[in-house]
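The values are calculated or read from the model by the stated rules, or taken from the named source; none is laboratory data. None of these values were measured; they are calculated from a predicted model. For neighbour counting, all protein chains shown are included, and Cβ atoms are generated from backbone atoms with ideal geometry for every residue, glycine included. Just so you know, the surface numbers come from the protein's heavy atoms only, side chains and all, with ligands and any DNA or RNA stripped out. Shrake-Rupley method; radii C 1.70, N 1.55, O 1.52, S 1.80 Å.
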There are 2 protein chains.
Amino acid sequence: METKYRTHTCGELRISDVNKDVILCGWVQKTRNMGGVIFVDLRDRYGITQLVSENDPSVFARETVIQITGHVQERESKNKNLPTGDIEVVLSDVIKILNSSITPPFTIEDETDGGDELRMKYRYLDLRRNIVRKNLELRHRLAIETRNYLDKLHFLEVETPVLIKSTPEGARDFVVPSRMHKGEFYALPQSPQTFKQLLMVSGFDRYYQIVKCFRDEDLRADRQPEFTQIDCEMSFVEQEDILNTFEGLVKHLFKTVKGVDIPELSRMTHADAMKYYGNDKPDTRFEMKFVELKNSEPDSPLLWRGAGGEAFKLFAEAELVVGICAKGAAEYTRKQLDELTEFVKRPQIGATGLIYARHNADGTIKSSVDKFYNEEELKKWSVAFNSQPGDLILILAGTADKARKALSELRLEMGTRLGLRDKNKFSCLWVIDFPLLEWNDGDPNVLASLAGRWHAKHHPFTSPKPEDIDLLNSSPGEVCANAYDMVINGVEIGGGSIRIHDKKLQAKMFEILGFTKEEAQNQFGFLMNAFEYGAPPHGGLAFGFDRLCSLFGGSDGIRDFIAFPKNNAGRDVMIDSPSAISDEQLNELHILVKKENHA
Amino acid sequence: METKYRTHTCGELRISDVNKDVILCGWVQKTRNMGGVIFVDLRDRYGITQLVSENDPSVFARETVIQITGHVQERESKNKNLPTGDIEVVLSDVIKILNSSITPPFTIEDETDGGDELRMKYRYLDLRRNIVRKNLELRHRLAIETRNYLDKLHFLEVETPVLIKSTPEGARDFVVPSRMHKGEFYALPQSPQTFKQLLMVSGFDRYYQIVKCFRDEDLRADRQPEFTQIDCEMSFVEQEDILNTFEGLVKHLFKTVKGVDIPELSRMTHADAMKYYGNDKPDTRFEMKFVELKNSEPDSPLLWRGAGGEAFKLFAEAELVVGICAKGAAEYTRKQLDELTEFVKRPQIGATGLIYARHNADGTIKSSVDKFYNEEELKKWSVAFNSQPGDLILILAGTADKARKALSELRLEMGTRLGLRDKNKFSCLWVIDFPLLEWNDGDPNVLASLAGRWHAKHHPFTSPKPEDIDLLNSSPGEVCANAYDMVINGVEIGGGSIRIHDKKLQAKMFEILGFTKEEAQNQFGFLMNAFEYGAPPHGGLAFGFDRLCSLFGGSDGIRDFIAFPKNNAGRDVMIDSPSAISDEQLNELHILVKKENHA
């Protein structure tokens, strides 16, 4: 790391370097004036070295960049917490100020006083903070190890184009007006899906790319308009091959980056995930599975019926009565139970109320619906929930979808409250057998013209399971796909599928999705044509790299794992983008900004 | 490489596998029907395996994808040119057609009958050809080795944003209309320049990224609207550190990817490159340096003067008389000399004529201007050019810029004709000390409004040499920069500079480039503000990755080293992009396509 400017970095000197003359460069982190002698923490990316100086303290203003020459000596009081803590550097007179600093708008420390907006505006200062830089170092390490693993398995990294064609059948595209072709536009890829499939048609056999993708969505906390995927595809494979290969990748990453051995991934069908966790990405760090007291199946359990058949009205009218057993929560106070009730009644969750039954330490069971259920009936609940003295049973009722969704949120909340969601514990699983299609009755993230149609759950290139192809016409909603998600700690880290490689089936799929023949040919003709020239069976998946990084970094948000993220309005507040462009530019691009919005 | 579909690839079986039962998948490359027995070349990415079958030959139509089971046996007549040439696979009855193929529009062979346009339209078939796939495998290998080298030197790979802000001070930007912010646009980066500098301000110290960049230029053969850079930046460095680090990278790539040891890179100033090669990216695989018979310096050589001071008019009126000595070309026929004259008179070169002097085998010298120059004077030319019997001296005259440019083209042409430009020989050098600025008197690749101004030769962030800062006001054109290009075989492979890290100097630079204070603040305020918080001295460079790949692949064009390139009109003819988008999309983006162009 020696350059013309320095002999060592600030993280490098050890006791074995004592008596060396060194030149260091770095930022003044802090100073301690001990009456005539000043101790300075000099910081760079590699660490902190203590300097000892008798110089004028004003030289050492915070965040000033200095170059010093000095002599390494052993410290009297060593700092065991610093790798350089055994030594200090006694400065000669030569202190060169390489650049001064005005006072930063927030403190450059792990614990900063800077708010989110301020940190984003001065992201270049925020990135100086150890904890933020460490996140990006982690990201680098994950990328390197991903490449190492895939390279060894003969995956070829191939760059696919960024300026492609708009095919807004999923989310909205970002588009780029063409100067050379008036009235025409490129689009930025939502994923390199069709290109990686073409590479399979080309015989590339194993492809990967760590690649930027783009989606013009209304943003949420963990979404960015541009995001990064580990994008992969393989030929001559069945689902099993893909699951094994990428289970291997994730094990390799945990092993090399975190030093953790993770066990073989369990597998759960999408149907089971919905039934037992109300969620297609269940957090399986803890059990707390759903138990149904009533459902819409012919053999529905009858546990919801009250004494003598006199049912609690809420349960009687509900499509689904479903609950969880929170271990050791029977002692919850009235206030805590009220909080939980408020939690499930929030508009974004939308339950009408929460029923509970305490399994008391003395073995008795006390519920909020004692009016309708006697002790004997509650005992049956206890058996169904496998509750033990000390447990708390929580029950929701309503339409199946809403009740499951609400109970899933409540389950996660209880997991958090009971300390069952340890960020240092990792539970990885495959969710498999996803439905091929879902009905779109108006999704704000897709064009309005696509509402009232079947929508591909994964994407239009996913193959139905061969045994379900006959259902495509009669019951599209029941068709299953060889589609799979990797879920870690309740986060969808990756997903993929076996693809269609037959032109006729692909055409059928577009028909079901509501494309006219012309639209399908216009947007995806190149792919269907390619399938006529010996397309091999193939499949693949993509990992959300930003999320993978945040998971490894023990964080809920992806933003601090992206060097220069955008805010929730899709704006880069540091460079102030998006922004207006000149009339000269608009003119050359043959476009006008509309005066009024006739939306 | 075993999957549910195959036990081996088509490149894997050897004599040691004889007697194994195997399952292979691949494409039918070709068949030879030997009366009852058919030999089939089965191809995949890994190689070709010979199959022996007694099946119906119609199964083996070209490019059909099949899965076969068979038994490995030793070949009677081995093929030494194939790694699998010692064995063949005798097929069982089970031949599964995985997908059929209609007749491809061109032959899938190294030597194809497909023209450029057809190959691009069916790029997925073109990519099946060995030589094209090998190019992309080379690209993968170069990327991996680049990362290995930089990772070992503690460079961090950091992803910078793709949706940034339009700052069209160099080439034109591609822009992206914002749906959420009416009338505002993102721009795609021409390079991550400002972001990598901000990372230096953040203390990242060593950054790299293999990254897509975008320039909305009128295209040439070796340009693409999107291209890939190896982008690097370092802090606390002088030019020398950067040159050494990246000379090391290129040596590492030559060593690991091509097995070639390249010697230490020579260095040439920009002034010398122009004087001796008429070109800032000289092809130094061969010498043939320029010799000036007259120039505009006070001590100009007088060799252009004719007998008794009676000068040849063309030379007398020229600003520069300059030539090269082509070794061993004295035997060139009249026809060959006429061809050279036609070559330099082509409009894109624009010389008015070509003067030559043959240094004959008998030692006499015979020129096309014998009328003006006697044998004694021509002998002086011979001394100046260091010509030997058998050499041909070629001379051009005119304004300095035009004569140098034309002679540079002629020099390269002679190098090619004399076989001095061997694609397997590599001559690498640094061109250093570039001028900071150049005058823009109307460049078609930048906005018209920027003509009639000083233009940054490298970019506006390049630092003038400290000793030249005083010239910024008085003689901007004479200011030199610590800017450097790496040139290999006459191709600019990379370039960079030491950057400005002082706010005032950066502001001064924008002023010289014709920015108002407001424009500078509006476009680059974030960077200048960042310089106030302890910006370290830094510099870096970027390699053109597409060009590097084509150089390593021994090709002149970059297109075959890009999986899905665009044509010279910026169009992807395979997917047919750019293309029209729907009114619904335009409406959401608050833009209209202009009815008429009021340019």
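Specify the residue that is surrounded by the most Cβ atoms within 10 Å (Cβ to Cβ); the eligible residues are those in segment A:152-171 that are hydrophobic (A, V, I, L, M, F, W, C) and more than 7 Å from chain B (Cβ to nearest Cβ).
Here is the first cut: in segment A:152-171, the residues hydrophobic (A, V, I, L, M, F, W, C) are A:153, A:155-156, A:158, A:162-164, A:171.
Next, only the ones that are more than 7 Å from chain B (Cβ to nearest Cβ) stay: A:153, A:155, A:171.
Numbers: A:153: 13, A:155: 23, A:171: 15.
So the residue we want is A:155.
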For segment A:137-151, does any single residue satisfy the condition of being β-branched (Val, Ile, Thr), facing chain B (nearest Cβ under 9 Å) and under 30 Å from residue B:444 (Cα atoms)? no
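One line per residue, one yes/no per condition, for (1) open to solvent by 30 Å² or more (accessible area, probe 1.4 Å); (2) acidic (Asp, Glu); (3) over 30 Å from residue A:114 (Cα atoms):
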site: A:485; (1), (2), (3): no, yes, yes
site: A:502; (1), (2), (3): yes, yes, yes
site: A:506; (1), (2), (3): no, no, yes
site: A:511; (1), (2), (3): yes, yes, yes
site: A:538; (1), (2), (3): no, no, yes
site: A:549; (1), (2), (3): no, no, no
site: A:555; (1), (2), (3): yes, no, no
site: A:563; (1), (2), (3): no, no, no
Would a scan of segment B:408-424 turn up a residue that is within 14 Å of chain A (Cβ to nearest Cβ) and either in contact (Cβ under 8 Å) with a residue 24 or more places away in the chain or surrounded by fewer than 18 Cβ atoms within 10 Å (Cβ to Cβ) (or both)? no
So which of B:278, B:248 is more than 10 Å from every other protein chain (Cβ to nearest Cβ) and either among the hydroxyl-bearing types (Ser, Thr, Tyr) or within 21 Å of residue B:142 (Cβ to Cβ) (or both)? B:248
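Here is a yes/no grid of residues against (1) open to solvent by less than 50 Å² (accessible area, probe 1.4 Å); (2) of a type in the set (A, V, I, L, M); (3) in the same structural domain as residue A:229 (by TED's automatic domain parsing):
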{"residue": "A:50", "(1), (2), (3)": "yes, no, no"}
{"residue": "A:54", "(1), (2), (3)": "no, no, no"}
{"residue": "A:59", "(1), (2), (3)": "yes, yes, no"}
{"residue": "A:66", "(1), (2), (3)": "yes, yes, no"}
{"residue": "A:118", "(1), (2), (3)": "no, yes, no"}
{"residue": "A:128", "(1), (2), (3)": "yes, no, no"}
{"residue": "A:138", "(1), (2), (3)": "yes, yes, yes"}
{"residue": "A:143", "(1), (2), (3)": "yes, yes, yes"}
Quick one: how many residues across segment A:104-119 are away from chain B (no Cβ under 14 Å) and in a helix (DSSP H, G or I)? 2
Restricting to segment B:25-63, give me the number of residues that are farther than 18 Å from residue B:5 by Cα, among the aromatic types (Phe, Trp, Tyr) and within 11 Å of chain A (Cβ to nearest Cβ). 0
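A quick yes/no check of all residues on (1) in the same structural domain as residue B:262 (by TED's automatic domain parsing); (2) open to solvent by 60 Å² or more (accessible area, probe 1.4 Å); (3) in contact (Cβ under 8 Å) with a residue 60 or more places away in the chain; (4) closer than 30 Å to residue B:457 by Cα:
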position: B:374; (1), (2), (3), (4): no, yes, yes, no
position: B:395; (1), (2), (3), (4): no, no, yes, yes
position: B:400; (1), (2), (3), (4): no, no, yes, yes
position: B:438; (1), (2), (3), (4): yes, yes, no, yes
What is the residue count in segment B:558-594 for residues that are under 20 Å from the mean Cα position of the chain (by Cα) and in a helix (DSSP H, G or I)? 3
Residue check for residue A:462: hydroxyl-bearing (Ser, Thr, Tyr) and either within 30 Å of residue A:288 (Cβ to Cβ) or open to solvent by 10 Å² or more (accessible area, probe 1.4 Å) (or both): no
So, in segment B:369-397, how many residues would count as being under 16 Å from residue B:346 (Cβ atoms) and at pLDDT below 95? 0
Hey, residue A:330 open to solvent by less than 20 Å² (accessible area, probe 1.4 Å), assigned to a loop (DSSP other than H, G, I, E, B) and touching a residue at least 12 places away in the same chain (Cβ under 8 Å) or not: yes
Being touching a Pro at 6+ places or on another chain (Cβ under 8 Å), farther than 27 Å from residue A:197 by Cα and among the aliphatic types (A, V, I, L, M) is the filter here, so list the residues in segment B:548-592 that pass it. B:589, B:591
If I filter segment B:19-42 down to residues being without any contact (Cβ under 8 Å) to a residue 60 or more places away in the chain and polar (S, T, N, Q), which single residue comes out as nearest to residue B:75 (Cα to Cα)? B:19
Find all pairs meeting these conditions: Cβ atoms under 6 angstrom apart; at least six residues apart or on different chains; first residue within segment A:450-464 and in contact (Cβ under 8 Å) with a residue 40 or more places away in the chain and assigned by TED's automatic domain parsing to the domain that holds residue A:513; second residue part of a strand (DSSP E or B) and surrounded by fewer than 21 Cβ atoms within 10 Å (Cβ to Cβ). A:453/A:440; A:455/A:438; A:455/A:440
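Matching residues to (1) surrounded by 15 or more Cβ atoms within 10 Å (Cβ to Cβ); (2) out of contact with any helix residue (DSSP H, G or I) (no Cβ under 7 Å at 6 or more places or on another chain):
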| position | (1), (2) |
| --- | --- |
| A:279 | yes, no |
| A:282 | yes, no |
| A:292 | yes, yes |
| A:302 | no, yes |
| A:312 | yes, yes |
| A:317 | no, yes |
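Is it the case that residue B:213 is among the hydrophobic types (A, V, I, L, M, F, W, C), in contact with a Pro (Cβ under 7 Å, 6 or more places away or on another chain), more than 8 Å from every other protein chain (Cβ to nearest Cβ) and more than 30 Å from residue B:295 (Cβ to Cβ)?
For residue B:213, the condition - among the hydrophobic types (A, V, I, L, M, F, W, C), in contact with a Pro (Cβ under 7 Å, 6 or more places away or on another chain), more than 8 Å from every other protein chain (Cβ to nearest Cβ) and more than 30 Å from residue B:295 (Cβ to Cβ) - is met.
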Select from segment A:440-449 the residues that are touching a Lys or Arg at 6+ places or on another chain (Cβ under 9 Å) and either crowded, with 20+ Cβ neighbours inside 10 Å or touching a residue at least 60 places away in the same chain (Cβ under 8 Å) (or both) and write down the one among them that is nearest to the other protein chains (Cβ to nearest Cβ). A:447
Could you tell me how many of the residues in segment A:81-98 are loosely packed, with under 15 Cβ neighbours inside 10 Å, over 23 Å from residue A:128 (Cα atoms) and not hydrophobic (A, V, I, L, M, F, W, C)? 2
Scanning segment A:43-90 for residues that are hydrophobic (A, V, I, L, M, F, W, C) and free of Cβ contacts under 8 Å to residues at least 40 places away in the same chain gives A:48, A:52, A:59, A:60, A:82, A:90
If residue A:415 satisfies all but one of (1) touching a Lys or Arg at 6+ places or on another chain (Cβ under 9 Å); (2) under 23 Å from residue A:552 (Cα atoms); (3) not in a helix (DSSP H, G or I), what's the number of the condition it fails? (3)
Selection within segment A:245-267 - open to solvent by 60 Å² or more (accessible area, probe 1.4 Å), over 13 Å from residue A:147 (Cα atoms) and part of a helix (DSSP H, G or I): A:251, A:255, A:258
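From A:280, A:272, grab the single residue that is of a type outside the set (A, V, I, L, M, F, W, C) and in a helix (DSSP H, G or I).
Sole residue among the options that is of a type outside the set (A, V, I, L, M, F, W, C) and in a helix (DSSP H, G or I): A:272.
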Can you name the condition, by its number, that residue A:172 falls short on among (1) of a type in the set (D, E, K, R); (2) over 27 Å from residue B:184 (Cβ atoms); (3) touching a residue at least 40 places away in the same chain (Cβ under 8 Å)? (2)
